[in-house]
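The values are calculated or read from the model by the stated rules, or taken from the named source; none is laboratory data. Model, not experiment: these values are computed from the prediction. When we count neighbours, we look across all protein chains shown, and the Cβ atoms used for this are built from the backbone with ideal geometry, even at glycine. Accessible surface is based on the protein model in full, side chains and every heavy atom, while ligands, DNA and RNA are left aside. Shrake-Rupley method; radii C 1.70, N 1.55, O 1.52, S 1.80 Å.
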2 protein chains.
Amino acid sequence: MSTTTSIARVGDFAGQAVTLEGWLYNKRSSGKIQFLQVRDGTGLIQCVAVKAEVGEDTFAVCASLTQESSLRVTGLVRADDRAPGGYELTVQSVEAVQIAEEYPISLKEHGVDFLMDHRHLWVRVPRQRALLRIRAEVERAVAAYLDGNGFTRVDPPLLTPSSCEDTTELFHTQYFDQEAYLTQSGQMYMEAAAMSLGKVYSAGPAFRAEKSKTRRHLIEFWMIEPEMAFVEHDENLRIQEQLVSHVVKHVLNHCEEELHTLGRDVSALAKVEAPFPRLSYDEAIDWLQKHDFDIQWGDDFGSPHETALANQFDRPLFIERYPTAIKAFYMQPDPNRPEVALCADMLAPEGYGEIIGGSQRIHDYELLKQRFDEHKLPEDTYAWYLDLRKYGSVPHSGFGLGLERTIAWISGIEHIREAIAFPRTLYRLYP
Amino acid sequence: MSTTTSIARVGDFAGQAVTLEGWLYNKRSSGKIQFLQVRDGTGLIQCVAVKAEVGEDTFAVCASLTQESSLRVTGLVRADDRAPGGYELTVQSVEAVQIAEEYPISLKEHGVDFLMDHRHLWVRVPRQRALLRIRAEVERAVAAYLDGNGFTRVDPPLLTPSSCEDTTELFHTQYFDQEAYLTQSGQMYMEAAAMSLGKVYSAGPAFRAEKSKTRRHLIEFWMIEPEMAFVEHDENLRIQEQLVSHVVKHVLNHCEEELHTLGRDVSALAKVEAPFPRLSYDEAIDWLQKHDFDIQWGDDFGSPHETALANQFDRPLFIERYPTAIKAFYMQPDPNRPEVALCADMLAPEGYGEIIGGSQRIHDYELLKQRFDEHKLPEDTYAWYLDLRKYGSVPHSGFGLGLERTIAWISGIEHIREAIAFPRTLYRLYP
Ligand SMILES: [Mg+2]
Ligand SMILES: [Mg+2]
């Protein structure tokens, strides 16, 4: 009896017989020898079946295997420096678990709509597997950094009676006798949690019913939302740059093979070290005007502005202190200059745009109440949020990191839709 | 200048002056001395202000502090074996950040509706803080076990065109030109992911629009859903008992103080070691009939049945091989006895009911297609799921662990609603 193991672990069994369970990724034959490339979710290995050694029947089973057929293969593990993982398998026997129909995703090019329609199968190709693994490692790295720095994970609700940022672009649903909306951000709930636990973070899905079809938008996306009591603007930025540096370093250390599969320029990632450069909104406007952009103080930035600004730097760029008027109602105005807010966006390099938006929050009851009135926010829905300013209010700050945008940047992919297993984009809900 | 630190870290500064930032939890005074109990999310510490030492003004600030007022306090760290955390602070100066209005949650008893209406403040009391911390540690332990055992985290979509288990009890929403539903389970998507990555798991919210108001139900709840290619029924159960044992051990090791706050009988938890006892459904029915329960082969269990069965054991109990007819359509029938399915529920001890439901999945295309027809499931919606049986189908298994039920059991609390920061229960959507 041979040991059943995974491809990632064959190195522990050099010279011994093992059984691997997986799928046929590719195959080539030279008449008397078949080379089966087998994948199992942990890696890829070449299995060599020599007709004269395995016999007619086993050789015929090998010949019958189509792309993506499932199989069990038993053979001797042989070290081979030329092999991708360092090992090959000399086949002794093969069992076809299921012979796959002709696989719709061949090794040639396909259109995006076709691939999206077959996302349940598309996830099996090496590039998509690499992206899914990088996503998992980014999530691990975020949790490791925050757990290791005094944060407690808290899960805010997704069904909410109110919108955090605006009342348009919401998905609504009937919640028994009430109207409910799918969350756009858990921030307000995280503020309540921070007043209990000090430093907290969430990691979960959020929704925007936005009719935009850009390579940076998903309808359903994941956000990491840390919120910190007694943390003010500058410290908020320091924590953000530490977190992002940690995540990039973790991926470089744990996903070498995946980044190679994607053809990512890892030298660009190696430069991502805190501290990150900072520009004030004022400086950014000046720079843009000097470089012939048609933009005035008080305007928000578009993608071309962000890209031009970020392209000056080889690491993420903070733009801080935006005009209060173009930012969310809950942001703390700069006490020395109330027309700008104590906020910052973090722009990824290489044209990937905003990956973090954050700010210090208003902690004064009267000022927040005034903002509620200005924005005509229903006080009954938000009474609990105002309560946080009545009972031991403290200066506090937080931010939201867009998981898919961060993954897209680190992975160097064109479109954010490949940064999540089953993307929800405009009009697309299948599979 | 004193160092600003957290209560958890004061031990590093014994004999030195530090500044702490937090909230007043409680206070008592003896005329010339005030004892301030201060919390900051990392712990609780007693700060002692002696009028003769701090002076009139500082003493007056101390006197002005109401319950939950926010403050900064500077003082000398003094080791004291009688103090809960081992240290006290001898106050030098105090700054009131904000004087709280009269705190609605006093240290006396309140009704559940009142507490739920004030959940944003209720989360600050020691019992609720302990529960939030245990939740975070359970999530960490789950991820640590699965990440360490070859699983890759995958996030399935929440907006779906289909229901996994049935079409009732769904929250629906308009997704541009289509009808969408909030997921009840990511299982089907995890099956697709398992065919790419081998072993995968999800950790995220799910929704049931169920009009039930029991202490075991939430409308919005979190599930951990592992799915494993080439894993069959017995191995599925072994992985479940390893995971649950690991989680319980982790909480015992990391949440000693929190379990103490909750008054949890930790000796009961210490008995939770794999392997767990197993009963077949047949044996369970026999036992129930012998103990005068009015139940027939083919009936599903209710809470009283589950409690009676589980109470025989001091660790979680598997009940396996339920009648195929009362379980989900995708469960693999036992090949030797197709009237029962290769499935199991894990029942927590001490009356906490089902914390895991799992099964081997049908991997044969023809059988699954037949089940689709029997259950009149729309094939266009599920075509992708059937595809998984056409392209390299393999025996595979998975399970869903209910996060809040698991936390409720480990914490020993009465009602599941305290196992999540902002519970969504029947008719309750605020705060
Ligand atoms: Mg601070
Ligand atoms: Mg197996």
Exercise. Residue B:38: within 11 Å of residue B:91 (Cα to Cα) and within 16 Å of ligand 1 (Cβ to nearest atom), yes or no?
Worked result: no
Exercise. Out of (1) modelled with pLDDT under 95; (2) among the acidic types (Asp, Glu); (3) surrounded by 16 or more Cβ atoms within 10 Å (Cβ to Cβ), the odd one out for residue A:40 is which?
Worked result: (1)
Exercise. On the given criteria, is residue B:259 open to solvent by less than 30 Å² (accessible area, probe 1.4 Å) and touching a residue at least 24 places away in the same chain (Cβ under 8 Å)?
Worked result: yes
Problem set entry | Given (1) hydroxyl-bearing (Ser, Thr, Tyr); (2) open to solvent by 40 Å² or more (accessible area, probe 1.4 Å); (3) within 14 Å of chain B (Cβ to nearest Cβ), number of the condition residue A:103 does not satisfy | (2)
Seminar exercise, completed: Residue count, the stretch A:402-428, condition farther than 16 Å from residue A:207 by Cβ, in a loop (DSSP other than H, G, I, E, B) and not charged (D, E, K, R), comes to 4
Problem set entry | The lone exception for residue A:159 - which of (1) more than 8 Å from every other protein chain (Cβ to nearest Cβ); (2) in contact with an Asp or Glu (Cβ under 6 Å, 6 or more places away or on another chain) it fails | (1)
Exercise. Looking at this structure, is residue B:214 touching a Cys at 6+ places or on another chain (Cβ under 8 Å) and within 21 Å of residue B:355 (Cα to Cα)?
Worked result: no
Exercise. Among the residues of the stretch B:300-309 satisfying the criterion of being touching a residue at least 12 places away in the same chain (Cβ under 8 Å) and not in a helix (DSSP H, G or I), which is farthest from residue B:324 (Cα to Cα)?
Worked result: B:301
Problem set entry | Residue check, residue B:326 surrounded by fewer than 20 Cβ atoms within 10 Å (Cβ to Cβ) and either β-branched (Val, Ile, Thr) or not assigned by TED's automatic domain parsing to the domain that holds residue B:237 (or both) | yes
Exercise. What are the residues in the stretch B:222-240 that are surrounded by fewer than 21 Cβ atoms within 10 Å (Cβ to Cβ) and either without any contact (Cβ under 8 Å) to a residue 40 or more places away in the chain or away from ligand 2 (no atom under 14 Å from the Cβ) (or both), if any?
Worked result: B:234, B:238
Exercise. When residue B:138 is evaluated against the numbered criteria (1) modelled with pLDDT of 95 or more; (2) under 28 Å from residue B:327 (Cβ atoms); (3) open to solvent by less than 10 Å² (accessible area, probe 1.4 Å); (4) over 18 Å from the mean Cα position of the chain (by Cα), which criterion, by number, is the only one it fails?
Worked result: (4)
For this session: Of the conditions (1) within 11 Å of chain A (Cβ to nearest Cβ); (2) under 25 Å from residue A:390 (Cα atoms), residue B:139 clears all except one; give me its number.
Result: (2)
